[in-house]
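The values are calculated or read from the model by the stated rules, or taken from the named source; none is laboratory data. Small disclaimer: the values here were computed from a predicted structure and weren't measured. Every residue, glycine among them, receives a Cβ derived from its backbone with ideal geometry; neighbour counts consider all protein chains shown.
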Amino acid sequence: MSTRRTLVLWCPDWPVTAAVLGGQGAGPGGPGGPGRRPVAVVDRGQVLAVSPAARAAGVRRGLRVREAQSRCAELVVLRHDPGAEARAFEPVLRAVEAVAPGVQVLRPGTCAVPARGAASYLGGETAAAAVLLDVLEQAGVPDARVGVADGPFSAEQAARTAERLPGYQVVPTGGDRPFLAGLPVEVLAPVLDPDAPDLLRRLGLRTVGAFADLAPGDVLARFGSSGGRAHRLARGDDVAAAGGRAPLPELGRTVELDPPLDRADQVVATLRPAAEQLVAGLAGQVLVCTGLRVELTDDLGGAVSRRWLHPRFFTAADVLDRVRWQLAGGGLGAPVARVDLLPEDVEPQGAHTEGLWGGGPDDHVHQALTRVQSRLGHRAVGTSVVGGGRGPADRTTFVPWGDRPLPTRPGEPPWPGRLPPPLPSTVLTRPAQATVVGAAGSPAVLDDRGTLSVPPARFRVDEGGRPAAGWPVGWQPVQAWAGPWPADERWWTDDTRGHPTGGPTGFLARLQVVGVDGSAWLLLVSAGHWWVEARYD
C-alpha cells in the first residue's frame, strides 16, 4: 500500500449543518433540522449552501437571496458564520481522532487522515471508511461521505462523487488520473482562476482529463503557477499528504464561585486572577485573544453567554470589563455560580506588534476611551462604521468601542439604487415630511419607472416638521438637482418601523437638490409623499 494514500471525510452542506447546530435554527435531528426544512446559508447576498429540502425546491448555490425566496417561499435564510462552522466541526474532529489519529482539517466540514494507519488496524480501507461513517453518524452527521485515493484532492473528489449507499468510494492505488479524467473541469475551480473553467469550456476542454492532456508549458504560460498546480492535480500528481493537526492547548479558564455571588464587583474581583492567567497563558503560546466568549451560570442552572470582540486584543482588564458589562445586562435569575472565559479567536502576537516606524493604534486614545466606557457602560462610547446599503442611515452602523468595527451590511453587494458619494454630513434620526412642486406649482410625483412627473422647482419642510434650527423655512427654490435614484426597499412590509429612520418602505427614490442659497439636501419620495432625509454641509 502506498504511504501517500489518503482518506477524506466530507460533510455535505456543512454551512447549513453548522448554522443549525450553532442555534440559528432547530437541531439537525428534530423536525426543523436541515434535512427536513428548506434552509439556505447566505454570504454577501448570495446563497452559499442549501439543505436537501431547499435543493429539492429548486434553490441552488450562487442564487441571489430574493430569487431563492421566490423559488421557495418557506425558505429559512441563515447568515454565514465561518467561526461557528469551525467550532461546530471541532466535536466531529474529536470523534474522528478517537478512531483515526492524524486528522488534518482541509476546511470546516472536510478533513483528511492517512489511510495507511487507519486501514492497518480497522481491517483495510473499505472497512475504515465504513467505521468512520458510523462515527460521523453518531456525531450528528448522518449523510457524510468518505473517499480514499493516493492524494487528498483525488480522495476529496471520490468522497464528493460517492453514492448515498454505501457512502464511500475507494480509488485503486495508482488510479487517481483515470478516476479524475471524467470529472468536469469545474472541480479545479478552487485551484484555478474562478473564470478559468468557463474559458476551458469555450476552448473545448470540458473534463479534467482533457485539461491533463495539455502540455505543462502551455498551461503555465496561460494560467501561471495556479494553473501549473491544477495541471498536476489533474494528472494525479498530488504530492501532498494528510499530516495531522497538532492538538490545541487548553486556553480557557473556568471559575466556580462557592458560595455564589450576586454583586458584580464581587464577581469581577474574584475573576481577576483567572483573567490574568488567561492572558498569561496565551502569551506563553505567543498568542493574543481577539474574540472572547463569556458564559455566566447562576445557582439555579440558568446561563447567559455572549461573544465579545476586540479591535486589538484582550488584556486582563478588558476581560474583566466584559464580564462586568455582561452582568449589567441581566438575564440571570440567581447569584452567579460559575464563569467560563473561552478565547474563540486567537492570533499570533506578531500580527499585533507595532511596526518599526510606528503605525499602531494610539494607546493613549484607546486607554482613555476604555476608561470612560468602563464607567458609563458598554454602549456609552462607540464609533460609526460605513457599510453597505442604499441610503445614508442604512449604511451607518454604531459599534461600541472595543467591539470589532464590522458594519451590519457588507459593502460588497452592488446595492442597486445606492446613493452615490459623497454621503451627507447630517442625517435625521427620522425623516421630516416635505412637499416638492414643479415650476407651475403641480406636485412632483414618482411613477412606476422611477421618473418624476415634473422637474422639482421648489420644496419646503411641512410646518411643524422641521427638526432643528438651520433647516429650511418656507418654500426653497431649487437651483440644481440630481437623481432620482430609485430603490425597492422592504417591499414585503408596510410597517415604517422596519426602516432604520422610520421613513418609507417599498418603492422609493432619493433626490439631491441644491437651493439658490447654496444649501444642499437629500430628499426621499415614495407613494406620492416627500421627506427630507439629510443635509450636505
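The table below lists the values:
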item: Options L165, L192, L203; residue that is surrounded by fewer than 20 Cβ atoms within 10 Å (Cβ to Cβ) and over 21 Å from A129 (Cα atoms); result: L203
item: Selected residue (criterion: nearest to L106 (Cα to Cα)) from residues of region 208-259 that are among the aliphatic types (A, V, I, L, M), touching a strand residue (DSSP E or B) at 6+ places or on another chain (Cβ under 6 Å) and at pLDDT 85 or above; result: V255
item: Pairs with Cβ under 7 Å, 6+ apart, first in region 315-344 and assigned by TED's automatic domain parsing to the domain that holds D262, second aromatic (F, W, Y); result: R322/W308
item: Matching residues, region 206-240, being within 22 Å of A112 (Cβ to Cβ) and either of a type in the set (D, E, K, R) or surrounded by fewer than 17 Cβ atoms within 10 Å (Cβ to Cβ) (or both); result: S226, R229, R232, R235, D237, D238, V239, A240
item: Residue list for region 487-522, restricted to those being closer than 17 Å to A444 by Cβ, touching a Pro at 6+ places or on another chain (Cβ under 8 Å) and modelled with pLDDT of 75 or more; result: L508, A509, R510, L511, V513, G515, W521, L522
item: Residues satisfying the stated conditions in region 311-338, i.e. assigned to a loop (DSSP other than H, G, I, E, B) and within 25 Å of the chain's Cα centre (by Cα); result: P311, R312, F313, F314
item: Residue match in region 187-195 (condition: modelled with pLDDT of 90 or more and assigned to a loop (DSSP other than H, G, I, E, B)); result: no
item: Looking only at region 260-293, and only at residues there that are modelled with pLDDT of 90 or more and in a strand (DSSP E or B), the one that is nearest to T315 (Cα to Cα); result: L261
item: Output for region 94-123, where each listed residue is in a helix (DSSP H, G or I) and either among the polar types (S, T, N, Q) or in contact (Cβ under 8 Å) with a residue 40 or more places away in the chain (or both); result: A95, V96, A115, R116, A118, A119, S120
